[in-house]
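Take a look at the structure set out below.
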Amino acid sequence: MKKVLVVQYSQSGQLTDIVTSILEPLTAVNAARITTITLSPQPAYPFPWSTQEFCDVFPESVAGEPCSLAPLDLPEDHHFDLVILAYQVWYLAPSIPMQSFLQSAAAERLLKGTPVLTVIGCRNMWLLAQERVKRHIHQLGGHLVGNIVLGDRASNLVGVATIAYWMLTGRKDRLWGVFPRPGVDDADIRAASRFGLIIRRALQRDIRSLDQQVLNAVGAVRVEPSYIIFEKRIQKIFNIWSRFIRKKGGPGALARQRRVGCFFYYLLVAIVVLAPLATVAAKVTLRLRKARIEKAVAYFASNRLEP
Ligand SMILES: Cc1cc2nc3c(=O)[nH]c(=O)nc-3n(C[C@H](O)[C@H](O)[C@H](O)COP(=O)(O)O)c2cc1C
C-alpha cells in the first residue's frame, strides 16, 4: 500500500480541515496508509493573539528564524511515497512552525528523494512564501509535484479586516453582522476533495506523474497578477522592519516592544492609506508590463524554481 506522510500545523483547525477534505477520496477507500505529524512549537503560539503577540512574530517570520519544536513522533520506517506539507502564511512567509520543520534534520531525512505536495491555507498572499518552500524542498533533495492553495473569497481590504478580527478574538463569525465570515469558505473546504481524486489517481500510478496543470484546471492555484507586484514591494519593506526590530532582541524581548508597536501602526497606515494607492499603481504597472506579468503568472502557477 502507498504511504503518505502529512506534516501540518494549524491554530484554528482550518488547515487541518482543508487537508482532511483533500484526503477524503483516499481515506474513504483506504487508498493509502496516511501518517500525520502535527508540529508543536515550544512554547505554543497563542490563539487568539493579542495585538502585540501578533506583531511580535513578524520579525522572525520574515527572517526565517526557527522556533523550538517538540520532538517529532516519527514512524520507524522513514520512506514515504508522498509527503504533504500543509502550511499557512505569516507575513508573506511560511509560518514559523513550518519554517522550523524545513530547517530540521528530520525534514532532511523525510524529504530527500521524496515527492512533495504543498497545501496552503491562507488569506490571499502566498506567492513569496511558496518560493521559500520551493527552495527548501529543492535544497533538501525533495521533488515538488503539486501545490494546492485555498484562500479567502473576500477582497483584499475586507479580508484584512475579517482575518484580524478572527485572529485577535478567536471568533469566526461575521464582524458586526456585516462583514463576511473570516477565513476559507466552508464550501471551498468541502469542495477541496476534488483535488484528492486527482492525487489518488496519480498515486496509484506514480505520484511523479501528478500534473500541476490538471490540478490548476480545477482551481488548485490561481495567481492574482497584482499580488505579484504587491508582495515583492511589501517584502522589501518587511525586510527593513524585521532587521530594525531584531536589532533590539529576540522573540518577546522587552527591549524591542516599542519597535514592534511602531510596526503595528505602520501596518495600519499601510492597510488604510498605502494599499489603495498601491492598487492603483499596480493597475498601471499591469498595463505597462503585460508580457512580463503574464510570464510571472505562469511561473507562480507552476512548481518550477527560478535560480
Ligand atoms: C501572524 C499571522 C500573519 C499572517 N499573515 C498572512 C499573510 O501574509 N498572507 C496571508 O495570505 N495570510 C496571512 N495570515 C493568515 C494565515 O495564513 C491563515 O489563513 C490563518 O492564520 C488561519 O490558519 P490556521 O489554519 O493556522 O488557523 C496570517 C496569520 C497570522 C496569524
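Where a number appears in this text, it was derived from the coordinates with a stated rule and is not lab data. Just so we're clear, the structure is a prediction, and the values are computed from it rather than from any experiment. Neighbour counts run over all protein chains shown; Cβ positions are idealised from the backbone, glycine included.
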* Structure fact -> Filter the range 175-190 for residues that are surrounded by 14 or more Cβ atoms within 10 Å (Cβ to Cβ) and free of Cβ contacts under 8 Å to residues at least 60 places away in the same chain; the one that is farthest from G219 (Cα to Cα) is L175
* Would you confirm whether any residue within the range 4-18 is away from the ligand (no atom under 16 Å from the Cβ) and crowded, with 16+ Cβ neighbours inside 10 Å? => yes
* Is there a residue being under 20 Å from S10 (Cα atoms) and surrounded by fewer than 14 Cβ atoms within 10 Å (Cβ to Cβ) anywhere in the range 237-256? -> no
* To do: Could you check, for the range 71-93, whether at least one of its residues is crowded, with 22+ Cβ neighbours inside 10 Å, in contact with a Pro (Cβ under 8 Å, 6 or more places away or on another chain) and closer than 21 Å to I245 by Cβ?
  => no
* helices (runs of 4 or more DSSP H) wholly inside the range 154-222 containing at least 1 residues that are of a type in the set (K, R) and away from the ligand (no atom under 12 Å from the Cβ) -> 186-191, 193-205
* To do: For the range 64-107, name all the residues that are within 9 Å of the ligand (Cβ to nearest atom) and of a type in the set (S, T, Y).
  => Y87, Y91, S95
* Asked: When the range 29-61 is examined, which residues are found to be within 19 Å of L85 (Cα to Cα), aliphatic (A, V, I, L, M) and within 12 Å of the ligand (Cβ to nearest atom)?
  -> L39
